[in-house]
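Shown next, in structure tokens, is the structure this report addresses.
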Amino acid sequence: MFCTKVKWLAAIAAVALVALATGIMTSAATAKDIVLSFYYPVAVGGPITKIIDGYVADFEKENPGIKINAIYAGTYQDTLTKALTAFKSGEPPDIAVLLSTDMFTLIDEDAITPFDDLLKTDADKTWAKSFFPAFMENSQTGGKTWGIPFQRSTIVMFWNKDAFKDAGLDPDKAPDTWDELVADGGKLTKRDASGNVSQWGIEIPSTGFPYWLFQGLTTADDVRLMNQAGTTTYFDKPGVVQALQYWVDLSRKYKIQPEGTIEWGTTPKDFFERKTAIMWTSTGNLTNVRANAKFPFGVAMLPAHQGRGSPTGGGNFYLFKKMANEERDAAFKFVKWMTTPERAADWGIATGYVAVRPDAWDTSKMKKYVADFPAAAVARDQLKYAVAELSTHDNQRVTKALNDGLQAALTGTKTPQQAMTDAQQEAARILKPYQ
Amino acid sequence: MSATEKVSRGSEALEIAGAWLLALIWILPLAYAVWAAIHPSEYSAHFAPDAPLTPQNFIKAWNAAPFAWYFLNTFILVTMILAAQLVLCTLAAYAFARFSFAGRDVAFILVLLQLMIMPDVLIVENYRTMTALGLVDTIPAIGLPYMASAFGIFLLRQTFKTVPRELDEAARVEGAGPLQVLLKVYVPLAKPVYIAYGLVSVSYHWNNFLWPLIITNSVSTRPLTVGLQIFASADQGIDWSVITAATLMTSAPLLLAFLLFQRQFVQSFMRAGIR
């Protein structure tokens with residue numbers, strides 16, 4: 001017994017030693033270097049990590065004296081949790097890429113600092129105005145700029161040209177209005193004798209963030225979901241209810257979309273496997289679809305109704321508080337460096353995100369890419385119709401109220417009218433303190 | 001055959017059928033994971049018996065992140081936590097079970113209170129502590145908040161209390177000191193409880209995600225669960241084949257250990273009364 005105890009102690013000591021040794025391996029920066037921590041929402045190891053690592057290395061080479069410590073923190077949600085925990089513990093990150101919709105949350109937590117005070121030269125001021133206005137809608141409030149667009153997306157419609165040909169439709173023309181979508185969808189939906197569907201007309205995903213896809217419908221219906229100050233929502237406006245009615249009707253009335261909720265993550269897979277002929281998804285899926293679709297496919301803007309449009313989505317750069325002045329200048333330099341036209345073009349081509357500034361599309365690299373793959377420009381062209389993604393104070397809870405309402409309507413537990421009235425009431429209750 | 005016998009036969013058959021049903025429901029996700037992992041991704045939702053087998057998914061998953069590092073980190077982490085828990089909980093439980101000292105009951109209530117608190121609530125406070133200790137982004141920082149386990153103390157105290165006083169006294173008559181009594185009487189008698197507790201602790205920390213994610217920043221300290229996150233980037237769509245391969249790969253050591261020591265685990269759970 002005594003002997004085992006000694007072995008135990010030895011084992012514990014050994015483990016403690018190994019653990020300590022692993023912990024000590026921290027980055028070796030010289031004392032006078034400015035070291036900035038940069039939270040980025042992806043897990044370690046994937047292709048995106050390598051691109052970011054490459055950018056950081058290039059930046060450090062061009063700017064001796066500044067070290068960027070890129071910390072990969074998982075999903076957007078995980079990264080926000082990690083950043084806010086670190087902030088509340090007194091050790092916030094210096095720079096972070098977080099959802100553009102987290103702006104109000106970050107402002108309410110007093111965690112971030114606006115860019116306006118840093119725009120000292122004329123060049124800086126021009127830079128701040130160089131982004132697509134649609135992306136700035138989610139980056140500015142109260143006359144200040146809190147975020148700088150970096151990896152931004154919109155919703156686009158992908159269609160399977162082979163399926164269109166089989167259904168007797170023009171394979172090069174996507175449905176351009178809500179009515180055309182219903183008509184084409186009816187022809188694209190294949191049923192066997194007993195009524196089982198082998199191919200659906202359309203899938204608009206409704207899990208994870210159904211409100212975002214829903215904005216693709218409300219924007220086309222020419223209604224907005226919230227005001228720019230993020231203090232009021234309009235969930236029960238007639239146009240919103242009508243948009244939801246249309247979404248529900250796709251499944252229940254026209255029967256061209258599967259009933260119930262449709263899983264966001266596997267919708268591209270359904271598209272590849274020809275379980276659906278049309279899908280709505282993020283432009284962030286462009287590279288994925290291009291690599292995996294074994295049939296010719298097209299990319300189109302979302303169909304129009306009263307108007308046309310899509311919400312923007314994706315992540316912005318934020319600067320956190322508690323930086324010393326020279327650190328803040330260095331962080332600002334990094335953000336500017338990451339958003340030059342060339343780099344925005346490079347990043348867009350590598351990932352499928354929409355290059356965030358118009359002049360990025362004029363670079364020779366981007367021109368060549370678009371000539372080669374015209375679908376990539378659809379998202380850009382749609383930007384002039386784009387609106388801000390739903391974002392309010394206490395964003396997570398307000399969004400959840402809407403998501404719950406949408407799913408209740410889609411699964412048939414509430415009528416669209418009832419679902420939206422309830423969601424609006426809940427949102428109004430949550431937003432009361434901010435009026 | 002009497003009527004009561006018939007009834008008990010019938011209810012036994014029902015129980016067996018129920019057990020089979022539960023077992024089937026339980027094994028389904030695992031069976032699906034195995035299916036999707038060993039077939040090309042076209043077959044992940046398409047069950048054809050003649051689907052070709054492939055190791056590609058595992059290779060892709062392994063290369064997607066530095067999993068060798070993550071395995072090592074997770075292994076160090078669970079070993080360190082379990083070792084510290086066993087020592088701390090044994091000593092604390094012994095004190096609570098067999099010694100009387102001023103404030104014992106208050107201290108024990110405080111320990112029990114800890115059982116009621118979800119560790120996630122304390123994340124900010126724990127992060128602050130780790131910052132003060134200079135331990136952010138180290139493996140000990142992941143483990144430290146869990147080492148003084150209230151559950152372990154409570155469980156062992158209850159077990160030690162069931163040890164007959166006579167054994168304790170007999171050992172003392174033989175001239176054993178308090179620590180010797182603990183090591184020679186209490187610990188051997190509580191062995192099933194130790195095994196059961198060890199299993200719970202190891203599987204909990206093997207699977208723990210949020211706290212390790214928040215407190216670590218680099219590849220050299222992150223455990224498997226955080227590494228698995230790479231497959232969760234839903235923006236680019238989900239490839240079930242690779243996800244299931246990665247999941248099987250990272251849970252394989254636990255599954256294997258369970259299969260190997262199945263009998264001991266089940267027995268110790270029965271004896272320890274945690275079911």
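One table, with the values for the structure above:
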item	result
Nearest-20 debye value, region B:148-251 charge dipole, Cβ charges on Lys, Arg, Asp, Glu	280
Rounded tilt (10° steps) of A:178-188 against the dominant C-alpha axis of chain A	80
Distance from region A:95-169 to region A:312-353 (C-alpha centre basis), Å	11
Per-residue HN-Hα couplings for region A:83-100 [Karplus 6.51, -1.76, 1.60; θ = phi - 60°; Hz; x = Gly/Pro]	5, 5, 4, 4, 4, 5, 8, x, 10, x, x, 8, 10, 8, 9, 9, 3, 4
Residues of region B:57-89 buried by at least 30 Å² on assembly (accessible area, 1.4 Å probe, chain alone as reference)	B:76, B:80, B:83, B:87
Cross-link partners of residue B:184 among lysines (Cα-Cα below 24 Å; sequence separation of 8 or more within a chain)	A:5, A:7, B:161
Cα-Cα separations in the protein assembly as shown greater than 40 Å, expressed as whole percent	43
Phi-based couplings in Hz for region A:223-232 (Karplus 6.51, -1.76, 1.60; Gly and Pro marked x)	10, 10, 9, 7, 8, 5, 7, x, 10, 9
Derived scalar couplings ³J(HN,Hα) [region A:365-373; Karplus, 6.51 cos²θ - 1.76 cosθ + 1.60; whole Hz; x for Gly, Pro]	4, 5, 4, 5, 5, 5, 4, 6, 9
Approximate spin-label separation residue B:45-residue B:15, in nm, with each point projected 7 Å along Cα-to-Cβ	4.1
Where labels lie 7 Å past Cα in the beta-carbon direction, separation of residue A:172 and residue B:68 in nm	5.3
FRET E, pair residue B:191, residue B:30, Förster distance 22 Å, beta-carbon r, rounded to 0.05	0.15
Antiparallel %, DSSP beta bridges [both residues in the protein assembly as shown], to 5	65
Length gained when the stretch residue A:180-residue A:329 is fully extended (0.36 nm per residue, less Cα-Cα span)	48.4 nm
Interface size B-A, as summed buried accessible area [1.4 Å probe, Å², nearest 100]	3500
Cα-based shape type of chain B, given that a ≥ b ≥ c are square roots of the gyration tensor eigenvalues and the cut on a/c is 1.5	oblate
In nm, spacing of pseudo-spin labels at residue A:122 and residue B:88 (7 Å Cα→C-beta vector)	6.3
Mean ellipticity per residue at 222 nm, deg cm²/dmol - from DSSP H runs of n ≥ 4 across chain B, formula -39500 (n - 2.57)	-23000 deg cm²/dmol
Residue A:102 accessible area, 1.4 Å probe, all protein chains in place, Å² to nearest 10	10
Residues with amide H under 5 Å from that of residue A:317, placed H, sequence gap 5 or more	A:148, A:150
Shape call, region A:233-333: gyration tensor on alpha carbons, a/c limit 1.5	oblate
Acute angle (nearest 10 degrees) that the helix A:416-431 long axis makes with the longest principal axis of chain A, alpha-carbon atoms	20
Set of aspartates and glutamates near residue A:61 by C-alpha distance (under 16 Å), chain-local residues within fewer than 8 positions excluded	A:33, A:53
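The values are calculated or read from the model by the stated rules, or taken from the named source; none is laboratory data. Everything quoted here is computed from the prediction, not taken from an experiment. No Cβ is skipped: glycine too gets one built from the backbone with ideal geometry, and neighbour counts run over all protein chains shown. We work out accessible area using only protein heavy atoms, side chains counted, and drop any ligands, DNA or RNA first. Shrake-Rupley method; radii C 1.70, N 1.55, O 1.52, S 1.80 Å.
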